[in-house]
Amino acid sequence: MKKILVVDDDADILDMMQLILKGEGYEVQTSLNGACFQQMYSELPDLIILDILLSGADGREICQQVKSREETRHIPVILFSAHFSARDITATIGADAFLPKPFHLVELINLVKRYL
Amino acid sequence: MPDLHHRNYRYPWYLIKILTFFAIYFSTAKLGLSLGAVNRFATLVWVPSGLAMAAILLFGYRLWPGILMGAFLVNLLNGAPLLVAVGIGIGNTLEALSGAYILKRYEFSHALDHLRDVLLLVLLAMPLSAFISATIGVSSLFLGKVIAFSSSYSTWGAWWIGDMISILILTPFLLTWSKWPHGKVPVKIFAEIGLLTLFVLVVGLIVFLGLFRTDHRVYPVTYLVFPPLIWASLRFGPRGALSAIFALSILAVVGTIKGLSPFTSGRLSDNLVLLQSFMGILAVTSMILAAVMAERREFEQRKDEFISMAGHELKTPLTSLQGYIELLHMKFAQQGNQETLSYLAKMATQINKLSKLITDLLDLSKMQAGKLAFAEEAVDVDALIREIVENLQYTTSQHQISIEGMAQREIVGDQERLGQVLINLITNAIKYSPHAKKIIVHLAHTHDTLTISIQDFGIGIPKAYQEKIFERYFRVYSGKDRTYPGLGIGLYIAYQIIERHSGKMWVESCEGQGSTFSFSLPFVGKA
């Protein structure tokens, strides 16, 4: 089963993402601030969905870390944010795609399918 | 004790600072005394006053011995008796200290980007501190019998004005440049700075140095200094305004001394009084204008940040709402519960509306700030239109949206933004044709241009309003149209997006018969 890590500082959005993605047959791990990025090494996810403005953490840094390490570089990262302007930094920080919030389920699922 | 060690270590550095400052103070003072001094001691071009106050503000009160030594020595060498030179030295030192104290006491900002900073300097610190220096200095000269009582007043006046102008122009000039501007300067701005510099220099040369040998009695051209100063103030804030004033002041002083400026009718000292008053008024005017502009810019930036943050905060709960509604929709669709599904569809429509409204408001604020970014990618217009029409068809059961024609080729632009334009126009077509049954999207192309039109058969737009419809906040108001609420920003945004794609947008409409909104895009355009 493919594993997806979702990072967002809103617990309700995490619950929702879990429901949607589990419904599509993925294994989902969630994190409020990307702290579990450190634990990721025992079991790397196949895809990361990452919010940019996190309380107490910076999604951009997390993305750059993922993309700068040899062992995690290959993992696709989808940024999702309520700031549409965040789209412009997608390429700069090495992320693979951008999903503006709010989104339709079908948009999310299509995007995830493209990378898994 | 570590503290003592620290002080010992820093002592030579302190000494170097004072000596350096003393050297600069002394040499600029010497220069000033050689230029049109009234009664040998009251100078009208007195760089040290402005320099000293800026230095105290930037490096602290501890620099005062440099001022005292500099002022004392320069006056002693200028022929003042020992005690008189000491008196003048004390006056000049107190001037810088008192001025700096007043400014620091009232939390003066070195950037001079608020009106209160300018007024604090112009109305309080400048006249008061120069008053102290002029009064102590002239009293010393009088008591030391260097000048007669009869000439005290003119000496005092020249001293006061000379010091004030120095504090007015030089201090803020140095303060605004004490922090080097960081960040990359765009080429356009760089070019503008170059052009403005040239403009200031040419105007300065014409007005003050008699370029083209203008006879000031026949052609009084002094007013020419206003355009470059206003340009600098409006576009480059206090730093720009002060740099322009500073440059003009140097040219003006040189021109007046050489007898080439409009201020050359009497003795040099009288001419300099007139010139300095003129420059003083110019400086105050420009500084106030620049400060007000800076305040406005700051306010706009805060407003943009607020709107951007508010948009983010509004969209986050919407994301949850929309997600859960769609999850519920999936669940009830499996159970085949039609009644619940129709309720959920209504909720989804409302959330879509809300989401679009928030996006529009955010785009508008970014557009006004000039910060709306555009991607440059190949866009398959036919696929984009098909997808949008398919999605919007779900929102109306009454209208049949059809596509006529094909683009056949890709265009270069921002897919997301172009999609936004299409959604906006088709949604409007649905909204403003409540009794019609069809909406047609036409596509036509020539070898270099693609034209897309959205035709509805609705209420139409009165002729008088057709020109204005793309303006920001514009809404067609008439009794019956009140039933179509909106903010009047959708079309403005669409128009701006098309314009940024080097395209055009227009409307043809007949009241009561319908409207056709069209836009054309170049095939090889840039976003």
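Taking B:Leu487, is it surrounded by fewer than 20 Cβ atoms within 10 Å (Cβ to Cβ) and at pLDDT below 90? So B:Leu487 fits the description; yes. When the test is whether a residue is more than 10 Å from chain B (Cβ to nearest Cβ) and either among the aliphatic types (A, V, I, L, M) or closer than 20 Å to A:Gln18 by Cβ (or both), A:Ala82 does not pass it. Taking the stated definitions as given, is A:Asp9 in contact (Cβ under 8 Å) with a residue 12 or more places away in the chain, among the acidic types (Asp, Glu) and away from every other protein chain (no Cβ under 11 Å)? No; evaluated as a whole, the condition is false for this residue.
This table checks each residue for (1) under 30 Å from B:Lys303 (Cβ atoms); (2) touching a Cys at 6+ places or on another chain (Cβ under 7 Å); (3) modelled with pLDDT of 85 or more.
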| position | (1), (2), (3) |
| --- | --- |
| B:Gly370 | yes, no, no |
| B:Ala373 | yes, no, no |
| B:Val381 | no, no, yes |
| B:Arg386 | no, no, yes |
| B:Tyr394 | no, no, no |
| B:Gln398 | no, no, yes |
| B:Ser402 | no, no, yes |
| B:Glu410 | no, no, yes |
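Quick check: is even one residue across region B:430-442 outside the structural domain of B:Lys356 (by TED's automatic domain parsing), touching a His at 6+ places or on another chain (Cβ under 8 Å) and of a type in the set (S, T, N, Q)? Taking every residue of region B:430-442 in turn, at least one turns out to be outside the structural domain of B:Lys356 (by TED's automatic domain parsing), touching a His at 6+ places or on another chain (Cβ under 8 Å) and of a type in the set (S, T, N, Q).
The rows are residues; the columns are (1) surrounded by 16 or more Cβ atoms within 10 Å (Cβ to Cβ); (2) within 13 Å of another protein chain (Cβ to nearest Cβ).
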position	(1), (2)
B:Gln322	yes, yes
B:Glu326	yes, yes
B:Met330	no, yes
B:Ser342	no, no
B:Ala348	yes, yes
B:Ser355	yes, yes
B:Ile358	yes, yes
B:Asp363	yes, yes
B:Met367	yes, yes
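Does B:Gln301 fit the bill of being away from every other protein chain (no Cβ under 14 Å) and more than 16 Å from B:Leu361 (Cβ to Cβ)? Judged against the criteria, B:Gln301 is a match. Yes or no: B:Ala37 under 18 Å from B:Ser129 (Cβ atoms), assigned by TED's automatic domain parsing to the domain that holds B:Thr176, at pLDDT below 90 and more than 38 Å from the chain's Cα centre (by Cα)? Criteria not met by B:Ala37. Of all residues in region A:69-84, those satisfying the criterion of being farther than 24 Å from B:Thr359 by Cα, of a type outside the set (A, V, I, L, M, F, W, C) and in contact (Cβ under 8 Å) with a residue 12 or more places away in the chain are A:Glu71, A:Thr72, A:Pro76. Among the residues of region B:121-151, the ones that are in contact (Cβ under 8 Å) with a residue 60 or more places away in the chain, touching an Asp or Glu at 6+ places or on another chain (Cβ under 9 Å) and of a type in the set (A, V, I, L, M, F, W, C) come to 2 in all. Assess whether B:Thr256 counts as being at negative phi, within 14 Å of chain A (Cβ to nearest Cβ) and surrounded by 18 or more Cβ atoms within 10 Å (Cβ to Cβ). Spelling it out, it is not the case that B:Thr256 is at negative phi, within 14 Å of chain A (Cβ to nearest Cβ) and surrounded by 18 or more Cβ atoms within 10 Å (Cβ to Cβ). Evaluate region A:32-44: report whether one residue or more is away from chain B (no Cβ under 14 Å) and modelled with pLDDT of 90 or more. No - not one qualifying residue is present in region A:32-44. Is there a residue in region A:13-24 that is more than 14 Å from chain B (Cβ to nearest Cβ), in contact (Cβ under 8 Å) with a residue 24 or more places away in the chain and under 25 Å from B:Ile325 (Cα atoms)? Among the residues of region A:13-24, not one is more than 14 Å from chain B (Cβ to nearest Cβ), in contact (Cβ under 8 Å) with a residue 24 or more places away in the chain and under 25 Å from B:Ile325 (Cα atoms), which makes the answer no.
Scan region B:52-70 and give yes if some residue there is over 26 Å from B:Pro238 (Cα atoms) and over 41 Å from the mean Cα position of the chain (by Cα), otherwise no. Yes; the residues of region B:52-70 include at least one that is over 26 Å from B:Pro238 (Cα atoms) and over 41 Å from the mean Cα position of the chain (by Cα). Considering only region B:268-278, I want to know if a residue exists there that is surrounded by 14 or more Cβ atoms within 10 Å (Cβ to Cβ) and under 30 Å from B:Asp363 (Cβ atoms). Scanning region B:268-278, I find no residue that is surrounded by 14 or more Cβ atoms within 10 Å (Cβ to Cβ) and under 30 Å from B:Asp363 (Cβ atoms), so the answer is no.
A residue that is under 29 Å from A:Thr90 (Cβ atoms), buried (at least 17 other Cβ atoms within 10 Å of the Cβ), without any contact (Cβ under 8 Å) to a residue 40 or more places away in the chain and in contact with a Leu (Cβ under 7 Å, 6 or more places away or on another chain) cannot be found anywhere in region B:394-410. The criterion of being among the small types (Gly, Ala, Ser), in contact (Cβ under 8 Å) with a residue 40 or more places away in the chain and in contact with an Asp or Glu (Cβ under 6 Å, 6 or more places away or on another chain) does not hold for B:Ser166. For the residues B:Val118, B:Val74, the requirement of being in contact with a Leu (Cβ under 9 Å, 6 or more places away or on another chain), touching a residue at least 24 places away in the same chain (Cβ under 8 Å), in the same structural domain as B:Thr176 (by TED's automatic domain parsing) and closer than 14 Å to B:Ala29 by Cβ singles out B:Val74.
Could you go through region B:191-208 and let me know if any residue there is small (Gly, Ala, Ser) and either modelled with pLDDT under 90 or touching a Phe, Trp or Tyr at 6+ places or on another chain (Cβ under 9 Å) (or both). No; the residues of region B:191-208 include none that is small (Gly, Ala, Ser) and either modelled with pLDDT under 90 or touching a Phe, Trp or Tyr at 6+ places or on another chain (Cβ under 9 Å) (or both).
Criterion first (closer than 21 Å to A:Asn110 by Cβ and either in a helix (DSSP H, G or I) or of a type in the set (Asp, Glu) (or both)) does A:Leu19 satisfy it? Taking the combined requirement at face value, the residue satisfies it. Residue selection: B:Thr155 fails the criterion of being surrounded by fewer than 22 Cβ atoms within 10 Å (Cβ to Cβ), in contact (Cβ under 8 Å) with a residue 12 or more places away in the chain, over 32 Å from the mean Cα position of the chain (by Cα) and not in a loop (DSSP other than H, G, I, E, B). Taking region B:105-152 as the range and being of a type in the set (Ser, Thr, Tyr) and assigned to a loop (DSSP other than H, G, I, E, B) as the test, the residues that pass are B:Tyr106, B:Ser109.
Say whether the condition of being of a type outside the set (Asp, Glu), within 14 Å of chain B (Cβ to nearest Cβ), in contact with a Gly (Cβ under 6 Å, 6 or more places away or on another chain) and in a loop (DSSP other than H, G, I, E, B) is met by at least one residue in region A:47-64. Yes; the residues of region A:47-64 include at least one that is of a type outside the set (Asp, Glu), within 14 Å of chain B (Cβ to nearest Cβ), in contact with a Gly (Cβ under 6 Å, 6 or more places away or on another chain) and in a loop (DSSP other than H, G, I, E, B). Each residue in region B:411-423 was checked for being crowded, with 21+ Cβ neighbours inside 10 Å, in contact (Cβ under 8 Å) with a residue 40 or more places away in the chain and away from chain A (no Cβ under 14 Å), and 4 pass.
The values are calculated or read from the model by the stated rules, or taken from the named source; none is laboratory data. As the structure is a prediction and not an experimental result, all values here were calculated from the model. Quick reminder, even Gly has a Cβ in these numbers, built from the backbone with ideal geometry, and neighbours come from all protein chains shown.
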